[in-house]
Structure formats: C-alpha cells, structure tokens
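Contents: one structure, followed by commentary.
The values are calculated or read from the model by the stated rules, or taken from the named source; none is laboratory data. Bear in mind that the values here come from a model prediction, so they are computed numbers and not experimental data. Note that we place each Cβ from the backbone using ideal geometry, even for glycine, and neighbour counts take in every protein chain shown. When the accessible area is computed, the model is the full protein with side chains, heavy atoms only, and any ligands, DNA or RNA have been set aside. Shrake-Rupley method; radii C 1.70, N 1.55, O 1.52, S 1.80 Å.
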Amino acid sequence: MSAVARDVEDRSDTLAGYYDSTTLTTILARRRSQSDPIAIEAQTPMNEDPIDASIIDLRVATLRQLFNEMDPSPLRERDLNPRTEEYIVGWCRELPRNAALCLHIHVDRSDEESSDPAIIGESIRHFFRGRSIATRLRLRRLFAHGRIALVIGLGCLAVAFGLSRLLEDFGPFGGFSGIVKESLVVGGWVAMWRPLEIFLYDWWPILADARLSDRLAGMSVRITCKNTEATPRATHP
C-alpha cells in the first residue's frame with residue numbers, strides 16, 4: 001500500500017464521526033481512485049492489463065519523444081523514434097516468449113497533440129504491425145533469392161562434376177589435370193555455399209524478428225503522466 005493510501009485509511013477514523021458507513025465508503029473509494037495508482041490498477045479490468053503481463057517500463061519527457069520527428073504522417077501512422085524502437089525491442093527480447101506484454105510509459109509532462117492514450121497505443125501497435133509485415137516480406141524475398149541461388153549452385157555443381165568426369169575419362173590422371181579436376185569439384189561445392197547458408201541459417205533469425213513484432217503489435221499500453229493526478233490510462237488491442 002502506498003503512503004497516500006495509508007493516509008486515506010488513517011483519515012477514515014476521523015471521517016467516521018461525520019458520515020454514515022455508506023457515505024464514508026464512497027468517499028474513501030473516490031479518494032483512493034484519485035490519489036493511489038495502485039488502487040486504480042487494481043480496479044482495471046483484466047482484459048486491459050493482464051495480471052501475468054510482463055511490464056516494459058519506458059520514461060520520456062513528452063509523448064512526442066516516442067515518435068520520429070521527421071515523419072510527417074498523422075500520429076496514428078507515425079514511425080517510432082529509432083531509439084524508442086530499439087529500447088522496446090531490446091527489453092522484449094529478455095522477457096519470456098509466451099508472456100503477455102504491457103508497455104508502461106511514464107511521461108514527465110503531457111502535450112495536447114498527443115495526449116490521447118488510445119491514439120498513442122494504437123500508433124505503437126500499428127508501427128509494430130508494419131514491422132511484422134515488412135519482416136515477413138523480407139523473409140519471402142530471401143527465400144526467392146535462395147531458390148535462384150540454389151538453381152545456379154546446382155547448375156554449377158553439375159557442370160563441375162561433368163568437366164571433372166571428362167578430364168578423368170579423356171585426360172591423363174595426375175599432375176596438372178588432377179589439380180584441375182579437384183579444383184572443379186571444390187568450385188562446384190563452393191557455388192552451393194550461398195543457397196545452403198540461406199536455407200540452413202539465414203531464415204530463422206528473420207522469422208524470430210517477425211514473431212517478436214507480432215507480440216509487440218498485440219501488447220497493451222499504459223500511460224502515466226507525472227504532472228497530473230497519477231492516473232494510469234490503459235489501452236489494449
């Protein structure tokens with residue numbers, strides 16, 4: 001219980017002498033909701049802020065700092081500041097994979113242009129939805145390049161083995177012809193290096209980034225403004 005909540009409880013004995021029990025209960029509940037962020041969080045519906053959600057805390061001077069100032073798009077479609085994106089993504093990577101996410105933004109002072117928490121939450125989720133789509137598009141392009149590289153690699157490998165067999169059948173084995181034969185075989189397998197790298201190693205980190213963006217696109221957003229009456233405002237998908 002916070003110091004404000006304890007102060008409200010201490011005053012209940014004094015107020016009891018002036019109000020009946022029903023009125024006293026109403027007054028105390030109202031003072032808790034206005035003064036104690038913890039009490040407000042306890043009254044928040046579970047679908048807005050899951051109990052088991054992993055909290056990502058972020059502090060900014062104003063909400064404008066969240067977004068890229070060079071982006072002329074409307075607030076709902078504006079890109080996040082690269083530092084903000086890096087901070088959120090880096091924190092999320094350290095959290096359990098299956099945990100629900102909640103971004104808690106602590107603001108020192110509010111501004112009129114970006115004071116609506118619903119718009120801020122939707123803008124952040126819209127940004128990460130776009131990141132997810134772009135990452136999956138990147139993955140599809142990688143697989144397309146991998147298929148082209150695979151065709152080229154298999155062709156080079158077939159030609160290399162064919163020339164090597166010709167040298168073995170029609171040329172003297174050993175000496176210079178032996179070096180050429182082995183070089184062709186090695187060169188054929190080297191041509192397979194890029195498609196093997198794509199289909200064995202390059203795709204799964206990109207898929208992991210897309211799934212991470214999906215998680216961030218579904219997180220709830222809470223905003224607490226320091227220069228107001230400490231009222232956390234939650235938005236959810």
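A few notes on this one:
- Within the option set R165, R141, R129, being modelled with pLDDT of 95 or more, surrounded by 12 or more Cβ atoms within 10 Å (Cβ to Cβ) and not in a loop (DSSP other than H, G, I, E, B) holds for one residue only, R129.
- Residues of region 65-77 satisfying the condition of being open to solvent by less than 50 Å² (accessible area, probe 1.4 Å) and farther than 20 Å from H106 by Cβ: N68, D71, S73
- Among (1) more than 30 Å from L184 (Cβ to Cβ); (2) surrounded by fewer than 12 Cβ atoms within 10 Å (Cβ to Cβ), the one test that A100 misses: (2)
- Single unsatisfied condition, L167 versus (1) closer than 30 Å to D116 by Cβ; (2) free of Cβ contacts under 8 Å to residues at least 40 places away in the same chain: (1)
- For L157, the conditions (1) at pLDDT below 95; (2) of a type in the set (A, V, I, L, M, F, W, C); (3) open to solvent by 40 Å² or more (accessible area, probe 1.4 Å); (4) touching a Gly at 6+ places or on another chain (Cβ under 9 Å) are fulfilled apart from (3).
- Evaluation of S110 against (1) open to solvent by less than 40 Å² (accessible area, probe 1.4 Å); (2) polar (S, T, N, Q); (3) over 18 Å from D209 (Cα atoms) (one fails), failing number: (1)
- Residue under evaluation P72, criteria (1) free of Cβ contacts under 8 Å to residues at least 24 places away in the same chain; (2) in a helix (DSSP H, G or I); (3) not aliphatic (A, V, I, L, M), criterion not met: (2)
- Residue in region 84-99 that is at pLDDT 90 or above, out of contact with any Phe, Trp or Tyr (no Cβ under 8 Å at 6 or more places or on another chain), more than 16 Å from R211 (Cβ to Cβ) and not in a helix (DSSP H, G or I) present: no
- Region 113-126, subset open to solvent by less than 30 Å² (accessible area, probe 1.4 Å) and either of a type in the set (D, E) or modelled with pLDDT under 85 (or both), residue nearest to L212 (Cα to Cα): P117
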